[in-house]
Amino acid sequence: MRKLFSLMFFAAVVAMAQEKQDPAKLKNPVPADEKSVAAGKQIYQRHCAVCHGSSGNGGSGSDISPPAPSLTSGKWKHGSSDGEIFTVIKEGVPPDFYMEPWGDRLKDEEIWNTVNYIRSLAKK
């Protein structure tokens, strides 16, 4: 019984380690085509524009939170690769979570579509 528990524990640890890979190494599985960018724009306008602005130029902030950064430059404080952007959207930015996690409200494909849309903002 103890051996079985140890094997199960080891398998769980390995699975968690694989799941928590380096965000910079995550590859975007969703092609950045017109359909994905359009879907990402809808999600962005519904959930992200309130803080980052409808055109991605950044927000004004408030007494309790700093301004949301512009997303039009293509370079961001918490990483600029698709995987890093995906991880920030999915998990938020600790410790203060001014950028809150969206992984419990958006499916991974929706987040990847949003990444593709955000990338399109930087190209303009």
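Consider only pairs whose beta carbons are under 9 Å apart and that are at least six residues apart or on different chains; among these, list those whose first residue lies in the stretch 51-78 and is free of Cβ contacts under 8 Å to residues at least 40 places away in the same chain and whose second residue is of a type in the set (D, E, K, R) and not in a loop (DSSP other than H, G, I, E, B).
Matching pairs, first to second residue: TRP76/GLU84; HIS78/GLU84.
If you scan the stretch 81-99, which residues turn out to be touching a helix residue (DSSP H, G or I) at 6+ places or on another chain (Cβ under 9 Å) and not in a helix (DSSP H, G or I)?
Correct list: SER81, TYR98, MET99.
Of everything in the stretch 20-37 that's more than 23 Å from TYR98 (Cβ to Cβ) and surrounded by 12 or more Cβ atoms within 10 Å (Cβ to Cβ), which residue is farthest from the chain's Cα centre (by Cα)?
LYS35
Only one residue in GLY56, GLY40 is out of contact with any Gly (no Cβ under 8 Å at 6 or more places or on another chain), crowded, with 18+ Cβ neighbours inside 10 Å and modelled with pLDDT of 95 or more, so which one is that? Please lay out each step first, then the result.
Values: GLY56 fails: modelled with pLDDT of 95 or more.
Only one candidate qualifies: GLY40.
The values are calculated or read from the model by the stated rules, or taken from the named source; none is laboratory data. Owing to the predicted nature of the structure, the values given are computational and were not obtained by experimental measurement. When we count neighbours, we look across all protein chains shown, and the Cβ atoms used for this are built from the backbone with ideal geometry, even at glycine.
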